[in-house]
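Right, one structure below, let's go through it.
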Amino acid sequence: MGGGSARPDAVLFACGMNAIRSPMAASLARHLFPGAFYVASAGVRRGKPDPFAVAVMEEIGLDISEHQPHTFEDLEDSYFDLVISLAPEAHHKALEMTRTEAIDAEYWPTLDPALANGSREQILDSYRGVRDGILKRLKERFDWRAIPGG
């Protein structure tokens with residue numbers, strides 16, 4: 001599966017705490033590719049819902065306010081074709097999965113916006129940068145095309 005030519009049937013987005021990056025990625029993927037493939041997200045550890053992540057997703061019309069962070073161990077199955085890791089610790093977990101199952105793993109290094117300092121607007125800008133970076137990667141990886149007139 002390379003260069004966006006093939007789409008998997010099921011994708012897992014993974015990060016450290018399943019509170020910011022992976023829920024953003026899952027929501028964006030569902031929005032860009034509705035019904036094209038199954039999407040889920042998980043973290044190495046369970047975090048807490050992040051109000052900044054909710055806010056920047058609401059800016060583009062997506063609601064992740066009901067997202068409840070969960071871990072790899074919470075997943076009922078590992079029926080994924082592809083795990084996209086957004087943090088180093090999640091990629092290590094994804095690579096462990098590839099040893100025992102037919103799963104592809106990709107690592108998309110993504111800064112943790114929770115580490116941002118400054119004013120509320122500066123912190124939100126950090127979250128927006130992460131959101132927009134993931135959006136760009138998703139469009140490239142899965143060969144997104146805008147619907148003419150849509």
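Peptides 22-34, 121-133, 55-67 ranked from most to least packed, by the mean per-residue count of other Cβ atoms within 10 Å: 22-34, 121-133, 55-67.
Taking the number of other C-beta atoms within 10 Å as the exposure measure, put THR98, THR110, THR71 in order starting with the fewest.
Working: THR98 12, THR110 22, THR71 16.
Listing THR98, THR110, THR71 from fewest to most nearby Cβ atoms yields THR98, THR71, THR110.
Given Cβ point charges of +1 (Lys, Arg) and -1 (Asp, Glu) and nothing else, what value in debye, to the nearest 20, does the dipole of the chain about its Cα centre take?
On the way: 16 positive and 22 negative charges, 73 e Å.
Result for the chain is approximately 340 debye, rounded to the nearest 20.
Treating each Cα of the range 2-150 as an identical point scatterer and summing with the Debye formula, the log10 of I(q)/I(0) at q = 0.14, 0.15, 0.19 Å⁻¹ comes to -0.63, -0.73, -1.16.
None of the figures in this text is laboratory data; all of them are computed from the coordinates on show. Please read all numbers here as calculations on a predicted model, not as lab measurements. Using ideal geometry, Cβ is built from the backbone for each residue, glycine included, and neighbour counts are taken over all protein chains shown.
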